[in-house]
């Protein structure tokens, strides 16, 4: 599951895990070290290979430099793509609700990060083209489901009932 920050990936992944009876791995929890320290690139690829080696899973998160690991093993890629203004609003709401709580990863307290806000704003121009290119490289190897509204998300989840 991929998409911009604030798209609702974590919430959707938890709900999908419940209705589809699949284990979910939130990649932020594995990537970030306490104090918002990034994992080493080689170590990060090993971690994702181990997670993707499971028979069934939901891997939630972007990390475009490792799309290949997930896309090699995926049967479905879900792209959450609400409008940019929605993503930014949700990200700011998350900051307000979880200020200084470690909700993304252990030892990584929620804070207002202007670099992250810039990334959110630029995602359609800087991040989405990489995603689209990766999806095109794997065309036909898995289903792609793109959800752009709350209603579409709800319909998708309800389809498992």
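Hey, residue 35 hits all of (1) touching a residue at least 40 places away in the same chain (Cβ under 8 Å); (2) in a helix (DSSP H, G or I); (3) surrounded by fewer than 18 Cβ atoms within 10 Å (Cβ to Cβ) but one; which does it fall short on? For residue 35, the failing item is (2). Note on region 113-140: residues that are in contact with a helix residue (DSSP H, G or I) (Cβ under 8 Å, 6 or more places away or on another chain), surrounded by 13 or more Cβ atoms within 10 Å (Cβ to Cβ) and either without any contact (Cβ under 8 Å) to a residue 24 or more places away in the chain or outside any helix (DSSP H, G or I) (or both) total 2.
Counting the residues of region 95-112 that are touching a helix residue (DSSP H, G or I) at 6+ places or on another chain (Cβ under 9 Å) and in contact (Cβ under 8 Å) with a residue 40 or more places away in the chain gives 4. Among the residues of region 23-31, are any exposed (fewer than 12 other Cβ atoms within 10 Å of the Cβ) and within 25 Å of residue 150 (Cβ to Cβ)? So far as region 23-31 goes, no, none of its residues is exposed (fewer than 12 other Cβ atoms within 10 Å of the Cβ) and within 25 Å of residue 150 (Cβ to Cβ). Given 68, 42, which one is outside any loop (DSSP other than H, G, I, E, B), modelled with pLDDT of 95 or more, out of contact with any strand residue (DSSP E or B) (no Cβ under 7 Å at 6 or more places or on another chain) and under 27 Å from residue 148 (Cα atoms)? Residue meeting the stated conditions: 68.
The values are calculated or read from the model by the stated rules, or taken from the named source; none is laboratory data. No experiment lies behind these values; they were computed from the predicted model shown. Positions of Cβ are generated from backbone atoms using ideal geometry, with glycine treated the same way; all protein chains shown enter the neighbour counts.
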